[in-house]
Amino acid sequence: MQRLSLQQKLQQKLSPLQIQVIKLLEVPSMELEQRIKKELEENPALDEGREETEMMDQEPEADPGDDFSLDEYQDTDDIPSYRLRAQNYSKNDKTNDIPFSVGTTFHEFLINQMGEVQVPEESRSLVEYVIGNIDEDGYIRREIEAMVDDLAFMQNILVSDEKMEEMLQLVQKFDPPGVAARDLRECLLLQIRRKDHQKEAVIRAEEVLENYFEEFTRKHFDKILKRSGWTDDEFRDALDEIQKLNPKPGSSYNNSLSKTVQQIVPDFILEEIDGNQILSMNNRNVPDLRVSHAYSEMLETYSSSKKQNNSAQKEAALFVKQKLDSARWFIEAIKQRNDTLMTTMQSIIDLQRDYFIDGDETLLKPMHLKDVAEKTGYDISTISRVSNSKYIQTHFGIFSLKSFFSDGMATESGEEVSTKEIKKILEEAIVAESKRKPLTDEKLTLLLKKKGYLIARRTVAKYREQLGIPVARLRKEM
């Protein structure tokens, strides 16, 4: 049985302008330029160029089906207020942008080598299959039997384990040395075997990897010296040869490629002028935007003939109005984005005033998203969007906005300090330690306690891991 009932609901809906602002807040400067170009291509009512007078602040109507007024579009000879701000740069400024270039991928680099080693035509598909199973680090993480089964079931290619092993060993002769290894030991051995074996150190290095690999990885150097009968100097030379090897041969290629194409464009520029810190947006590549004069005049023409009740003209007028609304929303969203970004960044600088003077990380104060939200009056989610993927250029380097946020802890005297300060002290202590007797986590804990930082050993271990520093045993050197 069907029944009709009345319900009252309180529902919040975002306007098109609010949706635009939210989306643009997360976009960094480099992507903003592309986003604006895309909008210019898709919306003919949006033009690139600078207006001469102030735009009206009236927001366009959201419903394109309602009656519309020309007052919103008559005065389009204007300039958005965000364009009246100084950009703090001139045509003589030096721009240190990393050039963009295109290169081959790691797998294409391997496939291109098949011609150099003269792979037989009947084996090319097998070699390509082996290469396809190599991960970004350059390793084969699959068993020979699993690859043989895949070829049989997926491609109906029957091949023996011995043949697949032969193809794998063929790929292991490719560059970079160590590629297609199945584990770290094999990777290092493939590299050391390509070195000059007239050097005694290379011969000993291969013997270490062949016969003492477990002891080597655990840094049990005393056991290796006892069993091999080498002197300290002989063993040290062998270790030097091993340390020159690359444990991730694939990543070295991928990293060199990514360094070529990666480009960090700062969203903010902080300059120190006459002792004052001046913050500006890096908008040098962002074009000026205005509403199209042609579309405004078109809407006026359609409006004057509205009384003719022509359905085709009415549909055309609604289309033009929608495009004009969209253009104004986009321009206003850009303005609000820039205002929000500037307010947020200025608040971060105010909260971290001492740090931004000379970039000393020990002067960074504990700061959370909530702290910036309270200072700006924005929501925490807004601060999170602003700080995501954004960078600031200072006189001491370019930094991610996220790097300025950190937890805090109290010292013995009750003063609250940033965890970044503690990590900096740990890092400096480990750099200065004796590599023959590295500082254990217990000793690092005592060192921090003497400086007034009461931290548990497990917390020290956590900070050490976050810094990417191994345990003392693995930091030991001869």
Residues within segment 192-223 that are surrounded by 18 or more Cβ atoms within 10 Å (Cβ to Cβ), touching a residue at least 60 places away in the same chain (Cβ under 8 Å) and either among the acidic types (Asp, Glu) or not in a helix (DSSP H, G or I) (or both), tallied: 1
Failed condition for Gly229, given (1) at positive phi; (2) touching a helix residue (DSSP H, G or I) at 6+ places or on another chain (Cβ under 7 Å): (2)
Among residues of segment 227-246, those that are surrounded by 11 or more Cβ atoms within 10 Å (Cβ to Cβ) and not in a loop (DSSP other than H, G, I, E, B), counted: 11
Scan of segment 134-151 for residues that are without any contact (Cβ under 8 Å) to a residue 60 or more places away in the chain and open to solvent by less than 30 Å² (accessible area, probe 1.4 Å), ordered by number: Ile140, Ile144, Met147, Val148, Leu151
Filter result for the condition that a residue is touching a strand residue (DSSP E or B) at 6+ places or on another chain (Cβ under 8 Å), modelled with pLDDT under 85 and among the hydroxyl-bearing types (Ser, Thr, Tyr), over Ser418, Ser413: Ser418
Condition check for Ser384: open to solvent by 10 Å² or more (accessible area, probe 1.4 Å) and not acidic (Asp, Glu): yes
Pairs with Cβ under 7 Å, 6+ apart, first in segment 32-43 and in contact (Cβ under 8 Å) with a residue 60 or more places away in the chain, second in a helix (DSSP H, G or I) and of a type in the set (Phe, Trp, Tyr): Glu39/Phe330
Members of segment 30-61 that are within 32 Å of the chain's Cα centre (by Cα), at pLDDT below 80 and within 26 Å of Ser381 (Cβ to Cβ): Met30
In segment 123-133, residue least open to solvent (accessible area, probe 1.4 Å) [restricted to those that are of a type outside the set (A, V, I, L, M) and assigned to a helix (DSSP H, G or I)]: Ser123
Subset tally (residues that are modelled with pLDDT of 85 or more and either surrounded by fewer than 12 Cβ atoms within 10 Å (Cβ to Cβ) or within 30 Å of Asp350 (Cα to Cα) (or both)) for segment 247-272: 7
Criterion violated by Asp196 - all others in (1) more than 19 Å from Ser125 (Cβ to Cβ); (2) modelled with pLDDT of 90 or more satisfied: (2)
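Listed here are the residues, each with its yes/no results for (1) in a helix (DSSP H, G or I); (2) closer than 30 Å to Phe106 by Cα; (3) modelled with pLDDT of 80 or more; (4) of a type in the set (Lys, Arg).
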position: Asn285; (1), (2), (3), (4): no, no, no, no
position: Thr301; (1), (2), (3), (4): yes, no, no, no
position: Ala317; (1), (2), (3), (4): yes, no, no, no
position: Trp329; (1), (2), (3), (4): yes, no, yes, no
Hits in segment 174-191 (condition: assigned to a helix (DSSP H, G or I) and either open to solvent by less than 10 Å² (accessible area, probe 1.4 Å) or in contact (Cβ under 8 Å) with a residue 12 or more places away in the chain (or both)): Leu184, Arg185, Cys187, Leu188, Leu189, Leu190, Gln191
Residue check, Leu341 at pLDDT below 85, surrounded by 19 or more Cβ atoms within 10 Å (Cβ to Cβ) and within 23 Å of the chain's Cα centre (by Cα): no
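The values are calculated or read from the model by the stated rules, or taken from the named source; none is laboratory data. The structure displayed is predicted, hence computed values, not measured ones. For neighbour counting, all protein chains shown are included, and Cβ atoms are generated from backbone atoms with ideal geometry for every residue, glycine included. The area values use the complete protein model at the heavy-atom level, side chains included, leaving out ligands, DNA and RNA. Shrake-Rupley method; radii C 1.70, N 1.55, O 1.52, S 1.80 Å.
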